[in-house]
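Below is one structure, written out as structure tokens; comments come after it.
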Protein chains: 4
Amino acid sequence: MQETRRALHEILAHLQGTSKKLRKRQVDSFIKALLSAKRVFVVGAGRSGLVVRAFAMRLMHLGIDIHVIGETITPAPRADDLLVALSGSGETSFAVSAAKIAKRVGTKIVVITSYPRSTLAKLADHIVTLPGRTKIASIKSYLDRQIVGEYESLAPLGTLFEITALVFLDSVVASLMTKLGRKEEELRARHATIE
Amino acid sequence: MQETRRALHEILAHLQGTSKKLRKRQVDSFIKALLSAKRVFVVGAGRSGLVVRAFAMRLMHLGIDIHVIGETITPAPRADDLLVALSGSGETSFAVSAAKIAKRVGTKIVVITSYPRSTLAKLADHIVTLPGRTKIASIKSYLDRQIVGEYESLAPLGTLFEITALVFLDSVVASLMTKLGRKEEELRARHATIE
Amino acid sequence: MQETRRALHEILAHLQGTSKKLRKRQVDSFIKALLSAKRVFVVGAGRSGLVVRAFAMRLMHLGIDIHVIGETITPAPRADDLLVALSGSGETSFAVSAAKIAKRVGTKIVVITSYPRSTLAKLADHIVTLPGRTKIASIKSYLDRQIVGEYESLAPLGTLFEITALVFLDSVVASLMTKLGRKEEELRARHATIE
Amino acid sequence: MQETRRALHEILAHLQGTSKKLRKRQVDSFIKALLSAKRVFVVGAGRSGLVVRAFAMRLMHLGIDIHVIGETITPAPRADDLLVALSGSGETSFAVSAAKIAKRVGTKIVVITSYPRSTLAKLADHIVTLPGRTKIASIKSYLDRQIVGEYESLAPLGTLFEITALVFLDSVVASLMTKLGRKEEELRARHATIE
């Protein structure tokens, strides 16, 4: 339990930092791109792939024409569509090759990553930078005053990026709800009744 | 190799039998239902789930508004939609519960099964009966004259039903292509370029 | 951007509350059950299904024999296995029917839910209660002092539960790492190189 | 119905041709590779991805340690593992990049394709050639004597290859059952009870 709580606090501290680091211009461009696209495609691999799927479900609930790269009924993206690619490192081959193919047909690309100089980021029309883990976590937890100084991170691999991305994307959903004037009841009506 | 070929011949013999057993009325009703639905939903579990996904991809290529129950962006079906449920036994709980929920909102239901008296079939507006395996295969292979008499089937569990369903559904796609006047080039244009 | 930040703060406030509400006995039982099972199965539908998949990936990285209900290579659970079912409402039919079938063969069941009296929770050997959304959010954000009093939640449907579950399960992963003595390098070695 | 039956006959004629074109050496090498691998990984995109999943399910039923590239709990392949890559064209980027990564760590690769000179085939340790569609189908259906001469194929895109691959792989399952001495009851015991 102790380790569980310590890890939870490390994650919370990271998320709090994220809130401060969000750049208004990046977020506004992303939301504008989502609202002006004819169709939205999302792509990600591994746990980032799960996070973009969670985002895609809410976009579907909002009534946006949304597709997940790699799923059964996903068509070919075109020039008036938007591709949202999520990758902490910005080097995931599946996302990079999707972005390359999409770029060729003129699809606009938003890349959400910790590395704004990555291969994926270089393909982007818009970038949203989200902080991933610093190599050695030296976070002074504001929640648990007993844990100070340096310690090995309890959130292995891409964990912090993936959680940050889910929280960020769900916050973007809130903006979209407001801008589209959608009420929760409308979302519920589109929510899968069979699952 | 010998067993591989013997199994292949058993499967071919089964498929040949299927061709003769298809009922015109059932097939025509199914095709009509596909063409008159606003949106088509498909459901199946296990290997039958894979077969309905293969069918769903082609319906997407044909420009039909199609969704796979259980995937990320699948909305709730409504009264003017069609649910196509595939289950050899007609008792798969996932398909049965999907059909029950769909029926409640007035979605029309087509059931493709070997058992026209199954729980699933009883929920159907239209049934397509496809032959599965007879318990002991006593098929005289028309291809391999050396194999005659009774032998244990080389196609375990639902194999024969699943293959039959894929071949049947791909044949239905051919009918839809003709009726919708779609050329292969149009299908190719919708085919996922990123996968 | 303003709405995005407000939603982000609502989510953070919720997560902070979660940290306080975690019950040591529940968390310890869950971790013990994970470590003593022969194989672990996870089940969830919709966004909860994505969250349990994210958890399953990390369990695989830890070297635990893990399966996701509904995926291709998932076998039948047995008596010495553990089923982890995630559902905010505890009423999701897919998770409930999975738990019923598992219970029949003697598989131990952990249910993670906001509703400890739900249908799913009644099937559980162990429960972990995670707070979901209160119907009207009256959270005084500790981060954004300007937002006080009651307001409509910016996190629609199960959003708060799903994020909380991901953060909690990733925190449990930290405990498992420590108890199993796994280093991050070992996790990385098992991490899919092809995705 | 008429088109449905004509398409069905075209598919059957193609499958019959396949049976004759199977090369004993290729099939025997494939089966031997499957039986001697520590773990088997399968990869395919689109409908080929569904076909390899159907194969993977049966390998799981047979008790073979099997993983599907791209699914949740798939680890990194290693030198003593086998990768089975399915692609009609042999050029599908997802399968090609999987094979490249696998080759780097020494994983053995079997490629099942219609194009033995494709990019994917060049990465293979073993190839199984399966006939796809000839550009203009000039098949004299042996089943329906009324259809003779040339006509536009009723099986668009990769349909014939995908069906052929499913039938072939299910036939290989029969060989594996015999060689491993598995009875259908054993397969049924491993078959997912929750789906």
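The values are calculated or read from the model by the stated rules, or taken from the named source; none is laboratory data. Here the structure is a predicted model, which means the values were calculated and not measured. All Cβ positions, glycine included, derive from the backbone under ideal geometry; neighbour counts span all protein chains shown. Heads up: the accessible areas ignore ligands, DNA and RNA and are worked out on the full protein's heavy atoms, side chains in. Shrake-Rupley method; radii C 1.70, N 1.55, O 1.52, S 1.80 Å.
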Review point. Only one of (1) of a type outside the set (A, V, I, L, M); (2) crowded, with 19+ Cβ neighbours inside 10 Å; (3) within 9 Å of chain A (Cβ to nearest Cβ) is not met by C:Gly44, so which one is it?
Key: (3)
Exercise for review: Run D:Thr164 past the list (1) more than 9 Å from chain B (Cβ to nearest Cβ); (2) modelled with pLDDT under 95 and report the number of the one that doesn't hold.
Suggested key: (2)
Check your understanding: Can you find even one residue in the stretch A:21-33 that is at pLDDT below 95 and not in a loop (DSSP other than H, G, I, E, B)?
Key -> yes
Practice item. Determine, yes or no, whether B:Arg6 is over 17 Å from the mean Cα position of the chain (by Cα) and either in a helix (DSSP H, G or I) or charged (D, E, K, R) (or both). Key: yes
Revision key, fill the gap. Scanning the stretch A:156-193 residue by residue, those touching an Asp or Glu at 6+ places or on another chain (Cβ under 6 Å) and either part of a loop (DSSP other than H, G, I, E, B) or open to solvent by less than 20 Å² (accessible area, probe 1.4 Å) (or both) turn out to be A:Pro156, A:Thr159, A:Ala174, A:Ser175
Check your understanding: Condition test on A:Ala98, is it at the interface with chain B (Cβ under 9 Å from one of its Cβ atoms), open to solvent by less than 10 Å² (accessible area, probe 1.4 Å), in contact with a Leu (Cβ under 8 Å, 6 or more places away or on another chain) and within 17 Å of D:Ala95 (Cβ to Cβ)?
Key -> yes
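Conditions tested, residue by residue: (1) among the polar types (S, T, N, Q); (2) over 14 Å from D:Ile109 (Cα atoms); (3) more than 10 Å from chain B (Cβ to nearest Cβ).
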{"site": "D:Gln2", "(1), (2), (3)": "yes, yes, no"}
{"site": "D:Lys24", "(1), (2), (3)": "no, yes, no"}
{"site": "D:Leu34", "(1), (2), (3)": "no, no, yes"}
{"site": "D:Leu50", "(1), (2), (3)": "no, yes, no"}
Practice item. Could you check how many residues of the stretch B:119-135 are surrounded by 20 or more Cβ atoms within 10 Å (Cβ to Cβ) and out of contact with any helix residue (DSSP H, G or I) (no Cβ under 9 Å at 6 or more places or on another chain)? Key: 1
Practice item. Take the residues in the stretch A:78-95 that are modelled with pLDDT under 95 and in a helix (DSSP H, G or I), then tell me which one is least open to solvent (accessible area, probe 1.4 Å). Key: A:Phe94
Practice item. Determine whether the stretch C:2-11 contains at least one residue that is touching an Asp or Glu at 6+ places or on another chain (Cβ under 8 Å) and buried (at least 24 other Cβ atoms within 10 Å of the Cβ). Key: yes
Review point. Quick one: how many residues across the stretch A:10-21 are touching a helix residue (DSSP H, G or I) at 6+ places or on another chain (Cβ under 7 Å) and either of a type in the set (Gly, Ala, Ser) or more than 15 Å from A:Glu162 (Cα to Cα) (or both)?
Key: 1
Exercise for review: Inspect all residues belonging to the stretch A:126-149 and state whether any of them is closer than 21 Å to C:Ile11 by Cα, more than 12 Å from chain C (Cβ to nearest Cβ) and at pLDDT 95 or above.
Suggested key: yes
**Study point:** Single condition B:Leu15 does not satisfy, out of (1) within 7 Å of chain D (Cβ to nearest Cβ); (2) open to solvent by 10 Å² or more (accessible area, probe 1.4 Å)
**Key:** (2)
Practice item. Report, ordered by the first and then the second residue, all pairs with beta carbons closer than 6 Å, sequence separation of six or more or different chains, a first member in the stretch B:176-195 that is at the interface with chain D (Cβ under 9 Å from one of its Cβ atoms) and in contact (Cβ under 8 Å) with a residue 40 or more places away in the chain, and a second member that is open to solvent by less than 70 Å² (accessible area, probe 1.4 Å) and not in a loop (DSSP other than H, G, I, E, B). Key: B:Leu187/B:His61; B:His191/B:His61
Practice item. Determine which member of the set D:Gly17, D:Gly44, D:Gly90, D:Gly70 is closer than 23 Å to C:Val42 by Cα and not hydroxyl-bearing (Ser, Thr, Tyr). Key: D:Gly70
Study note, to complete from the structure: Within the stretch C:78-92, residues farther than 19 Å from C:Ile127 by Cβ and either more than 11 Å from chain D (Cβ to nearest Cβ) or polar (S, T, N, Q) (or both) come out as C:Ala79, C:Asp80
Review point. Can B:Pro116 be described as away from every other protein chain (no Cβ under 11 Å), in contact with a Ser or Thr (Cβ under 9 Å, 6 or more places away or on another chain) and either open to solvent by 10 Å² or more (accessible area, probe 1.4 Å) or under 25 Å from A:His191 (Cβ atoms) (or both)?
Key: yes
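Within the stretch C:25-36, can you find the residues that are open to solvent by 20 Å² or more (accessible area, probe 1.4 Å) and touching a Lys or Arg at 6+ places or on another chain (Cβ under 7 Å)? Lay out the reasoning, then the answer.
Here is the first cut: in the stretch C:25-36, the ones open to solvent by 20 Å² or more (accessible area, probe 1.4 Å) are C:25-26, C:28-29, C:32, C:35-36.
Selection gives C:Leu35 alone.
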Revision key, fill the gap. Exception for D:Leu22 within (1) closer than 24 Å to B:Ala56 by Cα; (2) hydrophobic (A, V, I, L, M, F, W, C); (3) open to solvent by 10 Å² or more (accessible area, probe 1.4 Å) falls at (1)
Check your understanding: Does at least one position in the stretch C:55-77 carry a residue that is open to solvent by 20 Å² or more (accessible area, probe 1.4 Å), within 11 Å of chain A (Cβ to nearest Cβ), touching a strand residue (DSSP E or B) at 6+ places or on another chain (Cβ under 8 Å) and over 29 Å from A:Leu59 (Cα atoms)?
Key -> no
Review point. Which residues, taken from the stretch B:1-18, are free of Cβ contacts under 8 Å to residues at least 12 places away in the same chain and out of contact with any Lys or Arg (no Cβ under 7 Å at 6 or more places or on another chain)?
Key: B:Gln2, B:Thr4, B:Leu8
